[in-house]
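Data first, discussion second: the structure below is written as structure tokens.
The values are calculated or read from the model by the stated rules, or taken from the named source; none is laboratory data. Fair warning: this is a prediction, and the values are worked out from it, not measured in the lab. We place every Cβ from the backbone using ideal geometry, glycine too, and count neighbours over all the protein chains shown.
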Amino acid sequence: MKDKILVVDDEKDLRLVISDFLIKEGYEVLEASNGAKALEVVYEHEDIKCIVLDVMMPVMDGWSTLRELKKSYTDIPVIMLTARTQIDDEVFGFELGADDYVPKPFVAARLMARIKAVMKKSHMLLEDLFDYEVLKYNKVACVLTIDKTAIELTPKEHELLQYFILNKNIALSREKILDNVWGYDYFGDSRTVDTHIKRLRIKLGDYSTLIKTVRGLGYRFEV
């Protein structure tokens, strides 16, 4: 599956140039002519990996768009495009959450290098964020949300979910789960694993089916 990049600019010819370059680089490109349309596209395609966002646009400018984006989509890197070169504008953009800033006119190859750089950085950060449909788990903050609703977990449930995510799509025996989540010096039995998984499944609700039972062995977190 190709990574999606959203290009937002009111200049159709410029969007075409950027889009053609990105397509040749192997990306899927989405386009919007102003900030309001850009937000609509993001709401429809939450798997967008990067946004190239012009500042000066009709209907809704880049600053206002960026401010709205960062309220709900802090994990999507945004590169600002602008004809302005004042340092104050750059600082303002970074304060709003921009990841990079490319002044016009620019060389397409330079913009491509910036896009790859912010996407790589974003990917490194997202290793600590499990994102599946409307289920999101932030390992660093220990926060589980389902459809943007926070789900409270016990410390051991957090450890168990983290272990499953780390070993997703791998069949895990009860003994291996016990050793890695509870520790090798734990003197309980494997029924402890079953009990905690039962409780975790209840809290996962519709996503309880992600934890598959592997007959005769243990469990698999399947995504």
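The residue that is farthest from Glu222 (Cα to Cα), among those in the range 102-133 that are assigned to a strand (DSSP E or B) and in contact with a strand residue (DSSP E or B) (Cβ under 7 Å, 6 or more places away or on another chain), is Pro103.
Kindly establish whether Arg114 is modelled with pLDDT under 85 and basic (Lys, Arg). Against the criterion (modelled with pLDDT under 85 and basic (Lys, Arg)), Arg114 does not qualify. If the condition is being free of Cβ contacts under 8 Å to residues at least 40 places away in the same chain and either assigned to a loop (DSSP other than H, G, I, E, B) or in contact with a helix residue (DSSP H, G or I) (Cβ under 9 Å, 6 or more places away or on another chain) (or both), then the range 134-143 contributes Val134, Tyr137, Lys139, Val140, Ala141, Cys142.
Helices (runs of 4 or more DSSP H) fully within the range 1-101 that include at least 2 residues being modelled with pLDDT under 90: 62-72, 87-96.
Tell me which of these Met56 doesn't satisfy, since it passes every other one: (1) closer than 20 Å to Ala98 by Cα; (2) crowded, with 17+ Cβ neighbours inside 10 Å. The one condition Met56 does not meet is (2). Evaluating Phe21 against the criteria (1) farther than 23 Å from Ser72 by Cα; (2) of a type in the set (Phe, Trp, Tyr); (3) exposed (fewer than 15 other Cβ atoms within 10 Å of the Cβ) leaves one unmet condition, (3).
Gly183 meets all of the listed conditions (1) surrounded by fewer than 11 Cβ atoms within 10 Å (Cβ to Cβ); (2) under 12 Å from Leu160 (Cβ atoms) but one, namely (2).
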